[in-house]
1. Please enumerate the residues belonging to segment 353-379 that are of a type in the set (A, V, I, L, M) and open to solvent by 30 Å² or more (accessible area, probe 1.4 Å).
2. So, residue 312, is that one in contact with a helix residue (DSSP H, G or I) (Cβ under 9 Å, 6 or more places away or on another chain) and closer than 30 Å to residue 49 by Cα or not?
3. Which pairs do you get when a residue that is farther than 14 Å from residue 95 by Cα and touching a residue at least 24 places away in the same chain (Cβ under 8 Å), found in segment 246-260, comes within reach of a residue that is within 8 Å of the ligand (Cβ to nearest atom) and among the acidic types (Asp, Glu), reach meaning Cβ atoms under 6 angstrom, with the pair 6+ apart or on two chains?
4. For segment 293-326, give me each residue that is open to solvent by 80 Å² or more (accessible area, probe 1.4 Å) and aliphatic (A, V, I, L, M).
5. Would you mind telling me which numbered condition in (1) in contact with a helix residue (DSSP H, G or I) (Cβ under 7 Å, 6 or more places away or on another chain); (2) under 28 Å from residue 64 (Cα atoms) residue 303 fails?
6. Answer yes if at least one residue in segment 316-326 is of a type in the set (Val, Ile, Thr) and either under 20 Å from residue 239 (Cβ atoms) or in a helix (DSSP H, G or I) (or both), and no otherwise.
7. For segment 99-116, enumerate the residues that are more than 12 Å from the ligand (Cβ to nearest atom) and either open to solvent by less than 10 Å² (accessible area, probe 1.4 Å) or not β-branched (Val, Ile, Thr) (or both).
Amino acid sequence: MTFKIQAAERLTQLPPYLFAEIDRLKREARAQGKDIIDLGVGDPDIPTPPMIIQELERASRDPQNHRYALDQGLPELRRAIAEWYKKRFSVTLDPEKEVLPLIGSKEGIAHMPLTVVNAGDVVLIPDPGYPPYRSGTLFAGGVPSFMPLTEENAFLPDLKEIDPAVLKKTKMMFLNYPNNPTAACAPKAFFDETVKFAEKHGILICHDAAYSEISFDGYRPPSFLEVKGAKEVAIEFHSLSKTFNMTGWRIGFAAGNAEAIRLLAKVKSNIDSGIFQAIQYAGIKALREGEPETLKNIKIYEERRNVLVDGMKNLGWNVRSPQATFYVWAPVPPGYTSAEISMKFLQDAGIVVTPGNGFGMNGEGYFRMAITVPKERIQQALDRVKKMGHGQGAK
Ligand SMILES: Cc1ncc(COP(=O)(O)O)c(C=O)c1O
């Protein structure tokens, strides 16, 4: 007789991974022969720019790159990251000590709690929020404590509302602006307030800036590290995924506090063996020469955003135009839950949207649409929404 494999508690504590569940429903609908318009997962549909692919091709032919990569990334990649930061945010980073390449920012985010969190320590997490903040915390034996992001507070956590008893046990806080899923942006004044708060309470801030480059109407989101004193208390995560349409390549980086970077590098050196070097060279190319490509993409997203937001508004839906990210975060019409309206979109209109509650309790009452499909497809989605009905109370 074989024994029964039992999942560890750290796994059973987790809710089903949101996107896996949506994928399953999507596959089911497709298997039934339905034409599905996917506004669910935020994965750019536009290909990686050819010059980045060419650099991968070149570097992949060099046998030097076929071996284990350096854990800390190529020195040239770390320099390219520091140069990019300087140019984009006017922040000076030491490429040796304050920069760390990652196998995608998700990898670094999920491993980050292993650096400073002991069993029972609290990690403050935005709710709604990107799911790995919570799973990474649980894997490290930490206790997630959720900071509600509400519309009344412009989807910024109210630091004054955090229970002092919780603060005593808090080691880390995750933040994410421009925000997934709410698309909210944070003013620098909020980052300022957070730095002071972190200093006072001894909390390491982990700011996820994966969407810092996807912004509209001329707005340029700030880096957390631009704020005075930030480097004393914070580490920031960036991704090449969204900026250069490289989600499948798995390359991102962390920057900021040297000790936090050192600890994350230590964790990683026990888990992975770096990023394929040819991809690192492609990343260098992207960081040094990719800006015009990003600007082109932004124009495309901006147009799609306008089509979706204007179209939904014309149909009577209450949606706001995001200043950044490729998400539209919309309130659910009265009479529905997030899950019910998402199911209605899928069943009545063949459209995948993401129910807000999948991002946490405070996401209930909202749903998220990603503008990662061509504008003709968005127009088609709007036609279907029109047929589906106005939504407001039309259960
Ligand atoms: C808020 C946020 N952070 C990080 C990531 C991860 O990006 P990557 O691991 O591709 O760098 C995502 C991806 O969807 C995200 O939405």
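The values are calculated or read from the model by the stated rules, or taken from the named source; none is laboratory data. Quantities reported herein were computed from a predicted structural model and do not represent experimental measurements. Neighbour counts are summed over all protein chains in view; Cβ atoms, including those assigned to glycine, are modelled from backbone coordinates with ideal geometry. Note: accessible area is taken over every heavy atom of the protein model, side chains too, but ligands, DNA and RNA are not part of it. Shrake-Rupley method; radii C 1.70, N 1.55, O 1.52, S 1.80 Å.
1. Looking only at segment 353-379, we keep the residues that are of a type in the set (A, V, I, L, M), and these are 353, 361, 369-371, 373, 378.
Listed by number, the list holds a single entry, 361.
2. no
3. 247/43
4. Selection gives 295 alone.
5. (2)
6. yes
7. In the first step, residues of segment 99-116 are kept if they are more than 12 Å from the ligand (Cβ to nearest atom); the result is 99-100, 113-116.
If the condition is that a residue be more than 12 Å from the ligand (Cβ to nearest atom) and either open to solvent by less than 10 Å² (accessible area, probe 1.4 Å) or not β-branched (Val, Ile, Thr) (or both), then 99, 100, 113, 114 are the ones that fit.
Residue by residue, here is whether (1) over 30 Å from residue 329 (Cα atoms); (2) out of contact with any strand residue (DSSP E or B) (no Cβ under 6 Å at 6 or more places or on another chain); (3) modelled with pLDDT of 95 or more; (4) among the aliphatic types (A, V, I, L, M) holds:
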residue: 10; (1), (2), (3), (4): yes, yes, no, no
residue: 27; (1), (2), (3), (4): no, yes, no, no
residue: 34; (1), (2), (3), (4): no, yes, no, no
residue: 50; (1), (2), (3), (4): yes, yes, yes, no
